[in-house]
Amino acid sequence: MPLIAPSLLTANFLKLEEECRMLNQSEANWFHLDVMDGRFVPNISFGMSIIKQIRKATTKVCDVHLMILEPENYAEEFKAAGADNLTVHYEACPHLHRNIQQIKSLGMKAGVALNPHTPVALLKDVLADVDLVCLMSVNPGFGGQAFIPQTLQRIRELRGMIDAAGLEVKIEIDGGVTLGNAAAIVAAGADVLVAGNTVFASDNPTATIAQLKRV
Ligand code: DX5
Ligand code: ZN
């Protein structure tokens, strides 16, 4: 069964406590928290203060996805805010190996996210150092976009690299995950499904999370 990581980007921020309670009571495994800086991606979302509040409202894993430039300047603050997993973008990190070491030395799990155009093969020499690879299945910046079909082939390729090296790295798929495509994504080799719109625009988010788990 895949791990389910609802993205709170699409949650109702006026009712954040209720949204957290709903996720706590659901079969969701991780809270996926999307941080955008308006520079790496053409949108601005939320930062430390919101993450601190969410941290108080859950004991589940806080999976923080940084869509920001120079993430090394903020890693300590995200740790203090309550991040368990910290994911940085390959395209934002000229010194990616150093970023990964920094995140791990702060006691967090280290993730690397790839935009849809970045070849998965580029991760070969850091794969053993990371806990998580987040394959973007949309161009990052916005919730509610359509899944890019080539992602399935990228998942299979990455799964092959991880298995061939005998590693435990998790593959997370982020963007456009629906009840219609989740089975194919899991069959291709994904471990974690991020879902924003599919969960929060649903009439029954709790049931939708349970369905995503069982595709
Ligand atoms: C996109 C974010 C995603 C987004 C997913 O930049 O990284 O986590 O919230 O939203 P959906 O599931 O609606 O595509
Ligand atoms: Zn995300």
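Residues are listed down the side, and each one gets a yes or a no for (1) hydroxyl-bearing (Ser, Thr, Tyr); (2) modelled with pLDDT under 95; (3) within 16 Å of ligand 2 (Cβ to nearest atom):
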position: Leu167; (1), (2), (3): no, no, no
position: Ile173; (1), (2), (3): no, no, yes
position: Asn181; (1), (2), (3): no, no, no
position: Asp191; (1), (2), (3): no, no, yes
position: Thr208; (1), (2), (3): yes, no, no
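Only a single item in (1) closer than 20 Å to Met1 by Cβ; (2) in contact with a helix residue (DSSP H, G or I) (Cβ under 9 Å, 6 or more places away or on another chain) is not met by Val192, and it is number (2). Among the residues making up the stretch 1-60, a single one is more than 16 Å from ligand 1 (Cβ to nearest atom), among the small types (Gly, Ala, Ser) and surrounded by 15 or more Cβ atoms within 10 Å (Cβ to Cβ): Ala57. Among the residues of the stretch 179-215, those identified as part of a loop (DSSP other than H, G, I, E, B) and either within 15 Å of the chain's Cα centre (by Cα) or crowded, with 20+ Cβ neighbours inside 10 Å (or both) are Asn181, Ala190, Asp191, Gly196. Sub-8 Å Cβ pairs linking a first residue in the stretch 43-57 that is under 15 Å from Leu14 (Cα atoms) to a second residue that is polar (S, T, N, Q), at least 6 apart or interchain, are Ala57/Asn24, ordered by first then second residue.
Of the listed requirements (1) more than 26 Å from Ser202 (Cβ to Cβ); (2) crowded, with 22+ Cβ neighbours inside 10 Å, Glu76 misses just one: (2).
Restricting attention to the stretch 23-60, the residues being within 14 Å of ligand 2 (Cβ to nearest atom) and among the hydrophobic types (A, V, I, L, M, F, W, C) number 9. Looking only at the stretch 118-173, filter to residues that are of a type in the set (D, E, K, R) and assigned to a loop (DSSP other than H, G, I, E, B); which one of those is nearest to Ala187 (Cα to Cα)? The residue in question is Glu168. Residue count for the stretch 131-145 satisfying the condition of being within 7 Å of ligand 1 (Cβ to nearest atom), without any contact (Cβ under 8 Å) to a residue 60 or more places away in the chain and open to solvent by 10 Å² or more (accessible area, probe 1.4 Å): 1.
The values are calculated or read from the model by the stated rules, or taken from the named source; none is laboratory data. Not measured: the values here are computed from a predicted model. As a convention, Cβ positions derive from the backbone with ideal geometry for all residues, glycine included, and neighbour counts pool all protein chains shown. Areas reflect the complete protein model, heavy atoms only, side chains present, ligands, DNA and RNA absent. Shrake-Rupley method; radii C 1.70, N 1.55, O 1.52, S 1.80 Å.
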